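For reference, the structure discussed in these notes is given below.
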Amino acid sequence: LVCNASVADLRAKPRQGPGNYDNDDMRESQILYNEVLLPVSRRSGWFHVEATEQKRYVAGIGWTGYSGWVAAGTVFPVRTVPECNFTVRAPVAPIFADPSKNRRPLALISMGTRFASTGDTAEGGKLLEVRLARGGAAWIERAQVERRGLREEEESLRQGLVAAATKFVGSPYLWGGRSMYMPEASLGSRSSLLS
């Protein structure tokens, strides 16, 4: 399965949360757009999944992905895992349906979300076209993403980690959260935002 919502809650039980940034102890973690999940079972509008990209150590088992429930409307099945070559580095980044000057955001995407580039650019390279999970494409500001897979020297990596962490200063704590505080994007039972 691949997440097709800006952010989806990974829940301890197959039931909706409060739908906002209130404390929710049933939120185990969050799944970001384009994140890959391994389905385990399905129950009336929910998938029990393993979030294979979010590793945790379980005594006696070893490293495994977080498990929990996601609303069926926030994910869709795929035959092949999408390969992504760019990661959102801005706290929150809008993506656009087209590169025109009068563009409106299609969705808000959180830091850490990954995309595959189509290779096309607009506005002299300021906008990058990216593939959407269900097909089609959108545009994102090039300054808000960075190419994945580049090896960094140890000191540069440390500086990058500190710079990324400082982007969260002042953000409210969210139990199980992996996304930036985005009150504009409803949490909880979001269905697919990027169909």
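The values are calculated or read from the model by the stated rules, or taken from the named source; none is laboratory data. Please read all numbers here as calculations on a predicted model, not as lab measurements. Glycine also receives a Cβ, built like all others from the backbone with ideal geometry; neighbour counts cover every protein chain displayed. These accessible areas exclude ligands, DNA and RNA; they are computed on the full protein's heavy atoms, side chains included. Shrake-Rupley method; radii C 1.70, N 1.55, O 1.52, S 1.80 Å.
Observations on the model:
- One residue stands out in the stretch 127-138 among those that are crowded, with 16+ Cβ neighbours inside 10 Å and assigned to a loop (DSSP other than H, G, I, E, B): the one that is modelled with the highest pLDDT, namely LEU132.
- Among the residues of the stretch 97-126, those that are among the hydroxyl-bearing types (Ser, Thr, Tyr) and assigned to a strand (DSSP E or B) comprise SER110, SER117, THR118, THR121.
- Looking only at the stretch 1-57, and only at residues there that are open to solvent by 30 Å² or more (accessible area, probe 1.4 Å) and among the basic types (Lys, Arg), the one that is nearest to ARG131 (Cα to Cα): LYS55
- Some residue of the stretch 62-80 being modelled with pLDDT of 95 or more, in contact with a strand residue (DSSP E or B) (Cβ under 7 Å, 6 or more places away or on another chain), outside any strand (DSSP E or B) and over 11 Å from LEU1 (Cα atoms): no
- In the stretch 58-70, residue nearest to ARG114 (Cα to Cα) [restricted to those that are in contact with a Phe, Trp or Tyr (Cβ under 9 Å, 6 or more places away or on another chain) and exposed (fewer than 15 other Cβ atoms within 10 Å of the Cβ)]: THR64
- Residues that are among the hydroxyl-bearing types (Ser, Thr, Tyr) and under 25 Å from LEU108 (Cβ atoms) within the stretch 53-86 comprise TYR66, THR74, listed in sequence order.
- Near pairs, Cβ below 7 angstrom, 6+ apart or cross-chain, from the stretch 107-120 (open to solvent by 10 Å² or more (accessible area, probe 1.4 Å)) to any residue that is of a type in the set (Asp, Glu): LEU108/GLU184; ALA116/GLU83; SER117/GLU129; THR118/GLU129; ASP120/GLU129
- The single condition among (1) of a type in the set (D, E, K, R); (2) assigned to a loop (DSSP other than H, G, I, E, B); (3) modelled with pLDDT of 95 or more that ASP25 does not satisfy is (3).
- Condition check for TYR173: out of contact with any His (no Cβ under 8 Å at 6 or more places or on another chain), among the hydroxyl-bearing types (Ser, Thr, Tyr), at pLDDT below 75 and loosely packed, with under 12 Cβ neighbours inside 10 Å: yes
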